[in-house]
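Read through the structure below, which is laid out as structure tokens, and then see the notes.
The values are calculated or read from the model by the stated rules, or taken from the named source; none is laboratory data. A quick note: this is a predicted structure, and the numbers were derived from the prediction, not measured. Don't worry about glycine lacking a Cβ; one is built from the backbone with ideal geometry, like all the others, and counts go over all protein chains shown.
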Amino acid sequence: MSHSPGIRYFPAPFTTVTPVRSTRAPDLTRTEGSRVVRSRILCQGAADQARVTCGRWRCCAESIRVLRLLHRAPLVTSAPATPVITTARLTLERFTLDDASFIVELLTDPDWLRHIGDRGVRTVDDARGYLENGPMASYVAHGFGLYRVALRDEGVPIGMCGLLRRESLPDGDLGFAFLPAHRAQGFAVEAASATLAYARESLGLDRILAIVSPGNAGSIGVLQQLGMTQNRIVRLQTGGE
């Protein structure tokens, strides 16, 4: 998930995903009382054999968010998040503005600044702007984005992982970053593998790329474990998302 010049470009051959059970809601929104019912697919990723719960909302709430964005109204950000992906040890959820303090910690980490770039985030207000204009805007525009990765049992955020869509690349790309205390424990591979399964099975994406700084050995190792191979060297705009 590096955006600095002189990056490596990895095409993503997808891990085979074998559905083990599928319970799909009708295409039309249905409700039970005040609850909106969503479709859910339970699938298994062959790379790590982790069972991943993948869901996609089909409800009027998305329309409300789009209208608010068009009218430049603030997004609703404090509602309890529903996991997009659940693995054996992790949950991946959409970011909200309540995650601003965590974003300050992650985006000011020296390794983030070295390998990914300076996003100008120093304060909670900066982090809110990053969230609104980055991950949260992507949810509305594309239906996916970077997600908050938390320990499943404790609920403690440890990093981010998800999908980005850039005008400079022909396909979506995988991005991830974790706090130093939670590296080298398999969390990045677990989250990224589940994200690739979600991209294929729930989002219908047949190819995902990944980009990484040449000196970022840790992230290169993660991508290699996912089965990705180097394609070519490309140069993106410095600091670009």
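Per-residue answers, yes or no, for (1) free of Cβ contacts under 8 Å to residues at least 12 places away in the same chain; (2) touching a Lys or Arg at 6+ places or on another chain (Cβ under 8 Å); (3) within 14 Å of Met160 (Cα to Cα); (4) acidic (Asp, Glu):
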{"position": "Val84", "(1), (2), (3), (4)": "no, yes, yes, no"}
{"position": "Arg94", "(1), (2), (3), (4)": "no, yes, yes, no"}
{"position": "Asp98", "(1), (2), (3), (4)": "no, no, no, yes"}
{"position": "Leu106", "(1), (2), (3), (4)": "no, no, yes, no"}
{"position": "Trp112", "(1), (2), (3), (4)": "no, no, yes, no"}
{"position": "Pro135", "(1), (2), (3), (4)": "no, yes, yes, no"}
{"position": "Val140", "(1), (2), (3), (4)": "no, yes, no, no"}
Sort through Thr87, Thr91 and tell me the only one that's more than 17 Å from Ala210 (Cβ to Cβ), at pLDDT 95 or above, crowded, with 19+ Cβ neighbours inside 10 Å and out of contact with any helix residue (DSSP H, G or I) (no Cβ under 9 Å at 6 or more places or on another chain).
Thr91
Can you pull out every residue in the range 170-205 that is closer than 18 Å to Asn216 by Cβ and not in a helix (DSSP H, G or I)?
Asp173, Leu174, Gly175, Phe176, Ala177, Phe178, Leu179, Arg183, Ala184, Gln185, Gly186
Can you find a residue that is among the aromatic types (Phe, Trp, Tyr) and within 15 Å of Val84 (Cβ to Cβ) anywhere in the range 145-152?
yes
Kindly list, by first and then second residue, each pair from a residue in the range 214-241 that is more than 12 Å from Phe176 (Cβ to Cβ) and at pLDDT 80 or above to a residue that is surrounded by 13 or more Cβ atoms within 10 Å (Cβ to Cβ) and of a type in the set (S, T, N, Q), limited to pairs with Cβ atoms under 6 Å and residues at least 6 apart or on different chains.
none
